[in-house]
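The values are calculated or read from the model by the stated rules, or taken from the named source; none is laboratory data. Everything quoted here is computed from the prediction, not taken from an experiment. Using ideal geometry, Cβ is built from the backbone for each residue, glycine included, and neighbour counts are taken over all protein chains shown.
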Amino acid sequence: MDYRRLGRSGLKVSAIALGTAQCDWWVDEATSRRLFDTYVESGGNLIDTADVYPVFADGVGGRAAEEFVGRWLQTTTKRHEVLLATKVSGRMGPGPNDEGLSWRHIVKAVEGSLSRLQVDCIDLYQAHDDYDDVPVEETLRAFDHLVQRGLVRYVGCSNFKAWRLMKSLAISERSALAGYVSVQERYNLLERDRIESELQPLCVEEGVGLLPYNPLAKGFLCGLYQQQAALPGSPRAAGVQRDYFNARNWQALEVLRRIAQERDASCTQVSLAWLLSRPAVVAPVVGASSVGQLREIMAAPQLQLSQAELYRLNQASAVPAA
């Protein structure tokens, strides 16, 4: 397994982070435990979760993902090898202060996450979404307070526009507060333009680690979908059809399939290898529903694509000029 430094932090994380959004949705606790075991045995060391996972239809978090991770941590012999990342800001109750990035909500939410995870410190605590109705400095002071108390080691963010991330970095530096070492954002072979035009250059310049989520485009880049075939029986198939079934994406998928066949690899592995070649990318956050699927994913960092292969993928997935 390849290990990479997480932004400007001192942490070395595996090139694949294990996501948990599927826990207690279409993956039960017994399967989740097998996935956690397989992930660590394969060299993975960064498990990413959130206080709201799984997110229910009413937008209120279910909390089960953190609980699954916490109970597994009490049984594994590999606890010392695992880095925990979780997130705050999602709605955790019906009240007006039960979501967001206020001091009150952050300080309350971290106690809940620590309890569910059954740990006394979180390695990476992330703002799950940006809330522009909360002063940036209030959010950063709350995070710094948690770092100073020893409840959190590093802080990161997710779903931040580039200018909002830059503003946060500037304030944390000016005020000597703990700053974001990482950012999570939707990024894959088919969704490039918004990230590569602003956020990615900022991450390179400021030393912020990029943790792409949805790296396989909800499974479209796994190569399981056929243009003229019926949808598979997946809980996300309808969403995949809505978001990704278009001529440009089918063309990119065909190039992906050809390269996978030429390299005796899977579409999943080629997709992740491409992502790992991109500037500032530290570790794609990937979910899995079976041990076999996870083993396939964990082999991706060993696949080194040639410059010619990267060029073919870049050309096939390029956003057409306006």
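Values for this structure:
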quantity: Candidates Arg295, Arg242, Arg248, Arg194 - the one that is surrounded by 15 or more Cβ atoms within 10 Å (Cβ to Cβ) and among the basic types (Lys, Arg); calculated: Arg194
quantity: Restricting region 222-246 to residues that are of a type in the set (Phe, Trp, Tyr) and either under 19 Å from Ile259 (Cβ atoms) or part of a helix (DSSP H, G or I) (or both), the residue that is modelled with the highest pLDDT; calculated: Tyr244
quantity: Residue list for region 85-100, restricted to those being in a strand (DSSP E or B) and either exposed (fewer than 14 other Cβ atoms within 10 Å of the Cβ) or touching a helix residue (DSSP H, G or I) at 6+ places or on another chain (Cβ under 6 Å) (or both); calculated: Thr86, Val88
quantity: Residue match in region 166-183 (condition: of a type in the set (D, E, K, R), modelled with pLDDT of 95 or more and in a strand (DSSP E or B)); calculated: no
quantity: Residue within region 14-27 that is more than 19 Å from the chain's Cα centre (by Cα) and either surrounded by 15 or more Cβ atoms within 10 Å (Cβ to Cβ) or of a type outside the set (A, V, I, L, M, F, W, C) (or both) present; calculated: no
quantity: Members of region 101-149 found to be touching a Lys or Arg at 6+ places or on another chain (Cβ under 8 Å), crowded, with 18+ Cβ neighbours inside 10 Å, over 14 Å from Leu84 (Cβ atoms) and of a type outside the set (A, V, I, L, M), listed by number; calculated: His128, Asp130
quantity: Single unsatisfied condition, Arg174 versus (1) without any contact (Cβ under 8 Å) to a residue 12 or more places away in the chain; (2) surrounded by 23 or more Cβ atoms within 10 Å (Cβ to Cβ); calculated: (2)
